[in-house]
Each structure stands twice: as structure tokens, then as C-alpha cells.
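Below is one structure; the comments refer to it alone.
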Amino acid sequence: MCYPSLDPRANALIKWLTVDLGLQILHIEPASSDASFRRYFRVKHADGCHVVMDAPPDKENIAPFIRNAVLLQKAGLHVPAIYQQNLELGFLLLEDLGSQSFLDALTPENADSLYRTALDSLFKLQGDIDPSLCGLPVYDQALLSRELVIFYEWFLEKRLSIVIPTATRQALDDCLIGAALQQPQVCVHRDYHSRNLMVLAADSPGVIDFQDAVVGPITYDLVSLLRDCYIRWPLQQVIDWLEQYYQQLLAARMLNCDFRQFKRWFDLMGLQRHLKAIGIFSRLHLRDDKPGYLGDIPRTMGYVGEVCRHYPELAEFNGFLESQVLPIYRTRL
């Protein structure tokens, strides 16, 4: 039998599986980790194979994961079934959705078919969950503002030693937060991208990492998927997917705007998300000693520049980026 490194939590996890649940473990190995304090193990035992979530209770709250799993499953999304739980220890025994994410599988040849399944699943999330009744937190002005602070603090100030001018920062906040709050509000997964969508033989995609779901802007998950921080597609391909989904929303009467307005929301929502992501990638490096995400910043910064150059109302922030931020950032690559 192969056990993970026997740290205290791994010992507690093994005891829970073997003593409390009575599993005869044949093999246990790390399955994945994410940008939080959670980690996952794949457990092969006499009766099958499962994934175990290890979420230290002093750092992670698994109650939202359990609540959101039920919510998304009722809407028809394929999320991992929860077979056993221990809230006190922070352990969950989950359905194993395999190890092949969209990011692992995507090619130019299969992208259209894979994204079709992802967009169909997203449509269920947005159309079949009532935002007024689901009980999720709201992606409000305060939360949007706090997320932008992550960029200002961790990327600009702590990584580059730059402070954004107050007027530039206020104008950017007003633009991005205003555009987000104008949009129809739906259930938002909040990390709906290629690393959190699993390729399955049936009922694909599997959807994971949904514990931070909120009620928020209709374009948020769409831009997470189509302008992914981890994989990039040609502009026209993205526009084609965007137009197809826009028409689907129109037909369902979930939108009442023209495509130009919808794309503006999409672009500005993407800018907010990408700035936040750059800040998070920097924080993971500086605070959590996880430098692996630094390689995703150039791709993400590329999205930022494209949007800033396209909209006149972002000219001031774009000038700040090009004259002060990018020259220093390029020396740190």
C-alpha cells in the first residue's frame, strides 16, 4: 500500500478512511492541489476508487462546497457526488471524475466540440438556478472592489514597487465595477475555466472547484472560459463562441441588449477578472511560495492590454500600464 507523506493531516485522513469508513485501501496518491489550502488524494480501495478532499478547518470551510454541489447538481451539472463527509476534520469522500481536464485535452481540432459541452453546462448554471432563491453570496460592489485591490497590492505594490495614481485607480474601479453591476445577475461559478472542467466519457464536462460560487454578472463565467488564463484561442474563434452563446441567451430571454453592449460587458468583465488573477498569481508566489503561476501572467497581461487599447475610457489606465508598469514588469520575467 502506498501512502502520501505522513504529515499529521495525512495520518488523520488515513485513519478516517480505514477506521471510520472501513475502507480497505490498496493505494493512495496525490490527485491534485489548487491555489487554496485544499489538497486532493485519489484513493483506490477494495470496493472502487474515490477522491478525498483534505481541507484544513482552520483555513478552509467545506460547507459552501457541500451546499453548492447540491445546488449545481439539481441544475443538471455533473459535479462530483459527495459520499461521505466529516466537517470537523475537513474531509470529503467524492466521486472520482478522472484526471483529464480540458486543459490537458484541448486541441484546435476538438476545441469546438469540447467548448460546446462547456457552454451547454454553463447555460444550465445560468438558466436553471434562480439567483433570488439560491442563497449564494452576491458579487456586489464591495467584493468587486476587494478583488481589484489584490492587483494593486500584490502585483503593483509588492511585486513591482509601483503605486497607481489615485485618480487613475478610481476611474478604473468606476468603469469596471459599474459595467459589472449593470449586467443581468445569475449564478456564477467564479472559476469556470479549462483546469476546472473535466473530460468524461459520459455526461461531460465534470465541473469542480465551485465552492466560491456567487450571484453575479452574466458574462463572468463566459469570459473565464473563453479568455482563459491558462490557454488562449484566436480572437475570431472567441468572437464566434461569444456570438453563439449570446444568441442562446437572447432566445431564452435572459438578455435584453444588443451584441455590442454584451461584448463590452464581456471585455470589461474580463479585464476585472484578469487584473484580479494577476494579483492572485503574484500573491501565490510572494506569500504562499507557489511560483508556478507566474508563467501564466504574460498571457493574462496580454488580455489586459488588448482590452485597454480598445476602449477610450481606459486610455488613462492603459497609458499608466505602458509607461510605468510594463517596462518594470518585463525586467522581472
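Might you check whether a residue that is surrounded by 20 or more Cβ atoms within 10 Å (Cβ to Cβ), within 17 Å of the chain's Cα centre (by Cα), within 23 Å of Gly178 (Cβ to Cβ) and in contact (Cβ under 8 Å) with a residue 60 or more places away in the chain occurs anywhere in segment 291-308? Yes: segment 291-308 contains one or more residues that are surrounded by 20 or more Cβ atoms within 10 Å (Cβ to Cβ), within 17 Å of the chain's Cα centre (by Cα), within 23 Å of Gly178 (Cβ to Cβ) and in contact (Cβ under 8 Å) with a residue 60 or more places away in the chain.
Beta carbons closer than 8 Å, at least 6 apart along the sequence or on distinct chains, pair a first residue in segment 126-139 that is in the same structural domain as Tyr245 (by TED's automatic domain parsing) and assigned to a loop (DSSP other than H, G, I, E, B) with a second that is surrounded by 13 or more Cβ atoms within 10 Å (Cβ to Cβ) and of a type in the set (Gly, Ala, Ser) for Asp128/Ala75; Asp128/Gly76; Ile129/Ala75; Leu136/Ala213; Tyr139/Ala180; Tyr139/Gly216. Within the span defined as segment 192-199, one or more residues are among the basic types (Lys, Arg), crowded, with 17+ Cβ neighbours inside 10 Å and touching a Leu at 6+ places or on another chain (Cβ under 8 Å).
Of all residues in segment 163-190, those satisfying the criterion of being hydrophobic (A, V, I, L, M, F, W, C), surrounded by fewer than 16 Cβ atoms within 10 Å (Cβ to Cβ) and farther than 19 Å from Pro312 by Cβ are Val163, Leu181.
The values are calculated or read from the model by the stated rules, or taken from the named source; none is laboratory data. The structure presented is a predicted model; accordingly, all values stated were derived computationally and were not measured. Virtual Cβ from ideal backbone geometry, glycine too; neighbours counted across all protein chains shown.
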